[in-house]
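Enquirer: Input: one structure, supplied below.
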Amino acid sequence: MASLFGVLGDIHGNFRAVDRILERHHDIPFWLCVGDVASDAGLYPRPSAPIYWIKGNNESFDRIEQFRRGIDPIPNLHFIPNGTFVTLGEIKVVGLGGTFAPTWYETAAAALPANPKDDKRRHFVREEVNACKLLGHASVLLTHEAPKPFWVDLPSSRTPSKRWRRDVGKDAITEVADAIRPLLHCFGHHHRHASLTRNGVPTVCVDRVNRSYLLVDARTCEWEARPTEDE
């Protein structure tokens, strides 16, 4: 790969892992992240290289609102609001962060309740999905949730030693991917590395940042996974 950019999975406050990755790749001009960036205390990293990120479901949503309004920004940390895109050189990146909740999906994004114990701002809503679908072809689609189908093995609630298969993908994410036809679709949330080609779109579940990350060819969006620990 010649000209590259990187993709990070869920960070969950593991800023040391982010630092290790960025220090290893001084030549990478920018990084993308699929969300769940904040620490448990609601803190955010101060990266040495630009990171463009979408929200996950574990964030400080008050701090995200500050980022949106340009209050107390952090150098090199760039938030992508739902239903918008950024252009990084030749790379167009569309973002749809957060999780799907059927009971809140028809709510206006601005009306999602802020509750310290159960903050509904962690979800995405239909108006944001529709906004994404109107953005046209993209190089990269970043979502926090998976498209359908995305099958995972989960423990049985009755017999934890047994596993059962469940499609955890969301129709709304599939709609966006099919509408904008990205060269690469990356998502997180499920804390595992997996890849598939869905409707002709290369699609990657990016693992937690302490385990691995992606390097992506900026011309073709072909990717490879790298372990976070020293090789």
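Enquirer: Hey, rough spin-label estimate for Glu127 and Asp19, points 7 angstrom out along Cα→Cβ, what's it come to in nanometres?
Expert: Inter-label distance under the simple model: 4.1 nm.
Enquirer: Check which residues have an amide H placed less than 5 Å from Tyr213's amide H, if you skip close sequence neighbours.
Expert: Arg226, Thr228
Enquirer: List every DSSP H helix in the chain whose Cα atoms extend 20 Å or more along the helix's own long axis and whose mean Kyte-Doolittle hydropathy is at least 1.6.
Expert: none
Enquirer: For the chain, build the charge dipole from Cβ charges (+1 Lys, Arg; -1 Asp, Glu) around the Cα centre, then report which of Phe150, Ala138, Tyr52 sits farthest towards its positive end.
Expert: Projecting each Cα onto the dipole axis, the largest value belongs to Phe150.
Enquirer: Next question. With θ taken as phi - 60° and the coefficients 6.51, -1.76 and 1.60, list the Karplus ³J(HN,Hα) couplings across segment 223-228 in order, rounded to whole Hz; mark glycine and proline as x.
Expert: 10, 9, 8, 10, x, 6
Enquirer: Using a Gaussian network for the chain with springs between C-alpha atoms less than 10 Å apart, which of these wobbles most: Arg208, Arg166, Arg63?
Expert: Arg166
Enquirer: Could you compute the FRET efficiency for Ala111 and Leu134, with r as their C-beta to C-beta distance and R0 at 22 Å, rounded to 0.05?
Expert: E between Ala111 and Leu134, to the nearest 0.05, is 0.55.
FYI, it's all coordinate maths here, none of it is from the lab. Every value quoted in this text rests on a predicted model; they were computed, and no experiment measured them. Please note: Cβ atoms are built from the backbone with ideal geometry, for glycine as well, and neighbour counts cover all protein chains shown.
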